[in-house]
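First the structure, in the form of structure tokens, and then the observations on it.
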């Protein structure tokens, strides 16, 4: 009897626990997760709003959660949360393949591109090949954390990659600082 109860308990735990590094829609609220992680995150962390076919990456620095909603809702929500952050701002990456898709192959892709452009907070997205962005995430996750939010989007090459950057210290400020340091060392 005790063995049967122990086996039943073990089986129920195995069935209800998500895989390591992954959470299901039934166990998480993606907005709460983003709001909880954001104070910890700084420049060099990433947030990805992914399509439904995005692969589960296995690096320990990558956390994947599943949002049971459409990508635009998640992207609008994440961009809104980031717009209120004082410490970080997103550098947006899109798959380069996206610009070569058309409505004939992927019905709805033209409307999607228009919607995406309206959400970029005035920041033109950088474009890289999909495999290059995934390789970037793989490399960065060795040192920094990456949050992937999978949505129910079913259009190809529509994942939006947000590399967090410092909101109060930009590249121009960094260049001036490095120039002063170089002059001081001469």
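Values quoted throughout were computed directly from the atomic coordinates according to the rules given, and no laboratory measurement underlies them. Note that this is a predicted model, so its numbers are computed, not measured. Using ideal geometry, Cβ is built from the backbone for each residue, glycine included, and neighbour counts are taken over all protein chains shown.
Can you give me the P(r) profile for region 20-184? Cα pairs, bins 10 angstrom wide beginning at 0, each as a whole percent. All Cα pairs, binned at 10 Å, distribute as 10, 38, 35, 12, 4, 1 percent. In terms of the mean number of neighbouring beta-carbon atoms within 10 Å, the peptides 150-163, 132-145 order highest first as 150-163, 132-145. Using all pairs of distinct alpha-carbon atoms, the Kirkwood hydrodynamic radius of region 106-181 works out to 15.4 angstrom.
Which order do peptides 34-46, 169-181, 69-81 fall in by mean Cβ count within 10 Å, highest first?
For the peptides 34-46, 169-181, 69-81, the packing ranking is 69-81, 34-46, 169-181.
Summarising the label geometry, the points placed 7 Å from Cα in the beta-carbon direction at residue 152 and residue 31 lie 1.7 nm from one another. The stretch between residue 106 and residue 119, if pulled fully straight at 0.36 nm per residue, gains 2.6 nm over its current Cα-Cα span.
Length available on full extension from residue 43 to residue 129: 0.36 nm per residue minus the Cα-Cα distance, which gives 28.7 nm.
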